[in-house]
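Worksheet: one structure, shown below.
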Amino acid sequence: MRYSRIVGTGSYLPERIVTNTELESRIDTNDAWIVSRTGIEARHVAAEQESTSDLAQRAAERAMEAAGVTTDDIDLIIVATTTSDMVFPSTACILQAKLGIKQGAAFDVQAVCTGFIYALATADKMVASGMHKCALVVGAEVFSRLLDWNDRRTCVLFGDGAGAVVIKQSDEPGIYSSHLHADGNYAHILRVTGGIAEGKVRGNPYLEMDGQAVFKLAVRVLGECAQEALAHNGMSSDQLDWLIPHQANMRIIKATADRLKLPMEQVVTTVARHGNTSAASVPLALDAAVRDGRVQPGQNVMLQGVGGGMTWGSILLRW
Ligand code: UT7
């Protein structure tokens, strides 16, 4: 077997929904600004006692149910997150225990909003090679906890959630190819500098962003790595059925679709209802489109991420 394929998807969003109108009552912002600049109307925010691994667990259980696999089948867990429950152990190990899984490997991947793309690319190689047979790949975040809720430039943009897929070995694609990139020279345009040392947080514990620099880089690299994935597989964009990009900003998504000459009807978007859920955004959008029947067997799907690092990447697959 040379390939891996996704055999089930699942997702979970915390109950509490924070609308733009609610934010208007708390900070100097307004619904019209947020909608026109980002397309975001609302986001979900985790309850105080909910952790990333709790969200991940719900999404993982739904993905395993959809895939028809049990805890005995899973021999690899990769969790993409920037908001791990604790410094260590990894959220993947915590999730493994919560799911009652005792075998296999479990680790986290940190590539911020590109995390799920990095995690799925890694799991694909580990499963396609035969090293592991059945992997759970999760993107889960409580990003709301990295935000200064008095900073209108950042707090309106993000939300919490989790998405998961189960992948298995396959004779047929499945995942055609993955294309991952990073450029640490752009670390300063999107970051949380805080770290823990000697019992204290050192640096700023809140997200800092140069919004316009991130915007420009995102539009450029998403266009480039979409073309890279298509060229690698000898395909053109008219052979794509679905683009499922990172859900940060509707204007970035539209610009990427324009560059691919792809109509918006073929682009899955959840950013209006979810905001930017970082590593969870792509699997959340994928699960939505699978469950409502938009994504059908045999279709070509491109997943894309871009985020802190800066990191970016795309995965081309046949559903
Ligand atoms: O996963 C990647 C994560 N990050 C991103 O994808 C972010 C990419 N960047 C963006 O999406 C956009 O740059 C933003 C949506 C963050 C900002 O849009 P912009 O068009 O670049 O706005 P701006 O930063 O140039 O701000 C324009 C104005 C400023 O006022 P002045 O200086 O012109 O008076 C801001 O203070 O809008 C003001 N502003 C707001 N007004 C109302 C900034 N945030 C808000 C707000 N509500 N929430």
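The values are calculated or read from the model by the stated rules, or taken from the named source; none is laboratory data. This one's a predicted model, so the numbers in the text were calculated from it and none came from an experiment. Neighbour counts are summed over all protein chains in view; Cβ atoms, including those assigned to glycine, are modelled from backbone coordinates with ideal geometry. All accessible areas refer to the heavy atoms of the entire protein, side chains included, with ligands and DNA or RNA removed. Shrake-Rupley method; radii C 1.70, N 1.55, O 1.52, S 1.80 Å.
Things worth noting here:
- Candidates 234, 184, 195, filtered to the one that is modelled with pLDDT under 95 and either closer than 17 Å to residue 110 by Cβ or open to solvent by 50 Å² or more (accessible area, probe 1.4 Å) (or both): 195
- Strands (runs of 3 or more DSSP E) (entirely within region 51-160) containing at least 2 residues that are farther than 16 Å from residue 207 by Cβ and open to solvent by 30 Å² or more (accessible area, probe 1.4 Å): 105-109
- Test result for residue 12, in contact (Cβ under 8 Å) with a residue 12 or more places away in the chain, in contact with a Leu (Cβ under 6 Å, 6 or more places away or on another chain), away from the ligand (no atom under 16 Å from the Cβ) and open to solvent by 10 Å² or more (accessible area, probe 1.4 Å): yes
- One residue from 284, 316 being touching a Ser or Thr at 6+ places or on another chain (Cβ under 6 Å) and either open to solvent by 10 Å² or more (accessible area, probe 1.4 Å) or away from the ligand (no atom under 15 Å from the Cβ) (or both): 316
- Checked against (1) closer than 24 Å to residue 252 by Cβ; (2) assigned to a loop (DSSP other than H, G, I, E, B); (3) open to solvent by 10 Å² or more (accessible area, probe 1.4 Å), residue 47 meets all criteria but (1).
- So residue 45, is it aliphatic (A, V, I, L, M) and within 14 Å of the ligand (Cβ to nearest atom): no
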